[in-house]
Structures are given as C-alpha cells and as structure tokens.
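Remarks on the structure that follows.
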C-alpha cells in the first residue's frame, strides 16, 4: 500500500464550569455532591410549568473576563436561544444556550509549536458563549438489570463553551492548547478546571485533508470525539482517530468522502474510538430565541473596566519569568502548570533569595516532589515561602552549601511531620547547631587535606596517573572531618596539594 500524504485538521470545543455558587438561571447550588443525587434542583432547572429563569449576573461577568483574556471581540447585544433535543438528563427537553448572537467571537490563544525552533502558533477562537449544563446519566453495570439512573444536580450549571477554529495540526498541539487554556482559566480565577468533577470537558472534531496526486485535496468526514476525561486521553484519542481515518481512506479510497459525519466515543481501556451516532447538524436542534429571557447588552465602559482589571496572564508571566528571572521555558512551564498559587509562592521565594534560577530549581525539584508525594497543595506546605527564601539566601550568599541547605530543609520537614512548629528563625538555629556554615579557615582544610593524603597514598598516586575518580574518596574523608566545608573549594585545594602547586 503506497504511503498516504495528508494534513490533520483539529478543532476543539471546550466546556468549562464557571466558578459561581449558584446555577445560571436559578438559585440552586453548584457544589459537587456525587453522593447526594437530585438534591440541588428546583422548578426552574427542572423546567416545571410556570417557572421562569433569571440570569446569573456573576456568571456573565466571569464569561466576559474569560472572553477578554482570550482576546475576543465582545458583542454589544446578545440573546439566549433554546437548543432542543431530548435526552433523559435534560428535563426541559431543551438547553438554554446561544446560537447566532454569542456574546463574544474572533479571539485567539498562542501555543508553542511542535518544533521548538519555530515561533508560537496562533490558534484562532471562533466564539465563546454561555449555556447551561445538562444532568448526568449514571450507568451501573454491576446489577443484573444494568440500570441507568439520572442525577440532575448539574442541570443548569453555568458553562462557558470555547470553540476553536480548526487550526490545530497534531494531537500534541491539541494537548498544548488545552494545557494553555486551562492555565489561563486558573490564573484569571473563573473556573477550578477540575476534570474529575466535570468542570472542564472537551470534544475534539478531527478529520484529514488527503493530498491528491493532482495537487488537490479531499477532506474525510468530520468525526467528533467524546468521553475524554484527561489531557492524555484527548491526545491518545486524536492520535488513534488520525490513524483510523488514514487507514480507512486507504482501504475504501473515495467512498469515505461520501460517509456522514459521526460522533465517536473513546474507550480508554482498549485505546480505541467507537461509533456512537451520526453527528447532528445545527438545524437538527431547531434553535429559536428563548421567550422567557431578556437579551443582554454590554457597554464599552463595562468592557474597558473589565479589561483594565484583568490579572497577569500565564503567557505574560512566562515571558517575565524568562526575561527578568532567567528561567528556562521548561522551568517556567513546570511552575505555571501547577496554577497561580504556586506561581505566587515561587515569586515570593525568588524575591527573598534574589536568585530566580536557584528558587526555580528548589521549587520544581524539592518542593514539587514533596507536594506530589503526599498530595498536598502549596498552601498546606509546612515550609513557607519566607522560610525557604531565607534558607536559599544562605546558599546564594555562600554562607552554606547546597548540600547543607538540603540537610536543613530535611530537618525542617521532620520537625513539621512531628507537629513541631517551624519558623524562619529555625533556619539560623539549625545552621549554627549543626556546624553547617562554610569553613573560611583554610588552615583547618589544609590539615584535613594533609591527613587524607597521608591516609590514602594509593588514591593520591592513582589521581596523579590520570584516574580522575580516585579523588572522590579523598574529598569524602575531608568533608567528614571538616563540617560545612565547600566541596568545590575542597576539590580545588586538594588538587593543588596533590600537584604540589
């Protein structure tokens, strides 16, 4: 079978739950309570006769913040539409959404290119619009009847749907777009983006543009992928679907071009996509303006006030970390991917110790390792930014070595684990009590070097003959004898003594 040339075309539809206490059109709670089904409902979100919706102003303000952070144009006038379809988890048999007059459109989000030597890729955003969520079908295959039940707690929860243009060209780009979008939503504090609780969900529209011999291109039917509950699964599902469509095209040639659009699910256990149904067109939903809700107008003054109040975006902070603090893109990404709390904490450490790179090394290695080990968050971490910044100041000022700093860090963690309160003053106490200050008296080092050379003459001769590793045991002896000695200084003085210089 001849090789097939094609271009991958991907567009993403991201639904994020806005951080509000009540639902979009009623006062019911949006709290996540999976063990208390159907306890957060009322006549409005259940669509009972005679009930009338009222828009949640805070949800609309959060959606405006997001749209402006995504560089969208804001419409001065928007309205609500009814999207009609029937599922068991949609009690009204329609969803209140926006169709032809969304409140925002024509935005963009930059992501890193697959090739790190290339400039960032700009992914255009078609629109961002508000809508209410449906409920949730709960399937129980453990019982004989394989029951399916409906939990309507999520019904009416405010969602912001962010629709990209089909500008993504690989599964890895799709993942980076989602990671950047999630980071932005967290930093502007409009959503908690918890995928396990359904606060961030994504559908991917995937097809191929086949390169024909005559220079023309033929598009395969668009497939919408669903049931993807992690960024990794989204990447895997898109990769699989690209391979499946390419294989299908080679088997059936032009016939696939006549196939209808379809919706496919993702089976994470088998790592395959599977057919669910033919994909609906917008006409199938029979949109029409909702007669129970007033249109919404937004003034220029409101938009500018929100624009001026926008917090620093992850992209701007990443650039500042690179240009002002000297961080690599990798270090900046690791810190920013953890969310705004860790980024603020890191900056506090960096300002205290005066060395961004040293602070980044400790935060991305030691601190994140410990947070991941016990599943805690930075606000629960016993070693505060002030304590770590003070400890790292002792390193950057060369009062102690990095090795000694890790000894102090471990002692502080041990105290905290034993419920002993720790404070900034404990850094100095531990350094002094353990004799960890860098030795400035070269006389003590000279004596220790002479003793080590006398105790291990074979190692000295081996080093003189070119065996560089032979110096290791000598350095070890000296470090044990002189607490707080700087390994770099010890090595330099030892080599000088061996060479007789």
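The values are calculated or read from the model by the stated rules, or taken from the named source; none is laboratory data. Since we're looking at a predicted model, the values are computed, not measured. For neighbour counting, all protein chains shown are included, and Cβ atoms are generated from backbone atoms with ideal geometry for every residue, glycine included.
General observations
- The range 463-494, residues that are more than 16 Å from residue 401 (Cβ to Cβ) and surrounded by fewer than 16 Cβ atoms within 10 Å (Cβ to Cβ): 464, 465, 466, 467, 468, 469, 472, 473
- Exclusive hit being modelled with pLDDT of 95 or more, assigned by TED's automatic domain parsing to the domain that holds residue 236 and either closer than 30 Å to residue 209 by Cα or assigned to a loop (DSSP other than H, G, I, E, B) (or both), set 32, 25: 25
- Answer residue from the range 223-238, given it is more than 14 Å from residue 10 (Cα to Cα) and surrounded by fewer than 20 Cβ atoms within 10 Å (Cβ to Cβ) and is farthest from the chain's Cα centre (by Cα) among those: 227
- Filtering the range 168-183 to residues that are surrounded by fewer than 19 Cβ atoms within 10 Å (Cβ to Cβ) and in contact with a strand residue (DSSP E or B) (Cβ under 8 Å, 6 or more places away or on another chain) leaves 169, 170.
- Residues that are more than 30 Å from residue 57 (Cα to Cα) and either part of a strand (DSSP E or B) or outside the structural domain of residue 101 (by TED's automatic domain parsing) (or both), drawn from the range 117-132: 121, 122
- Restricting 336, 327, 352, 388 to those that are under 24 Å from residue 194 (Cα atoms) and either free of Cβ contacts under 8 Å to residues at least 24 places away in the same chain or touching a helix residue (DSSP H, G or I) at 6+ places or on another chain (Cβ under 9 Å) (or both) reduces the list to 336.
- In the range 245-260, the qualifying residues are those that are loosely packed, with under 12 Cβ neighbours inside 10 Å and either at pLDDT 70 or above or in contact with a strand residue (DSSP E or B) (Cβ under 8 Å, 6 or more places away or on another chain) (or both), and the one that is nearest to residue 205 (Cα to Cα) is 260.
- Residue within the range 82-105 that is within 23 Å of the chain's Cα centre (by Cα), assigned to a strand (DSSP E or B), at pLDDT 95 or above and closer than 28 Å to residue 301 by Cβ present: no
- Filtering the range 92-120 to residues that are touching a strand residue (DSSP E or B) at 6+ places or on another chain (Cβ under 6 Å) and surrounded by fewer than 17 Cβ atoms within 10 Å (Cβ to Cβ) leaves 101, 106, 108, 110, 113, 120.
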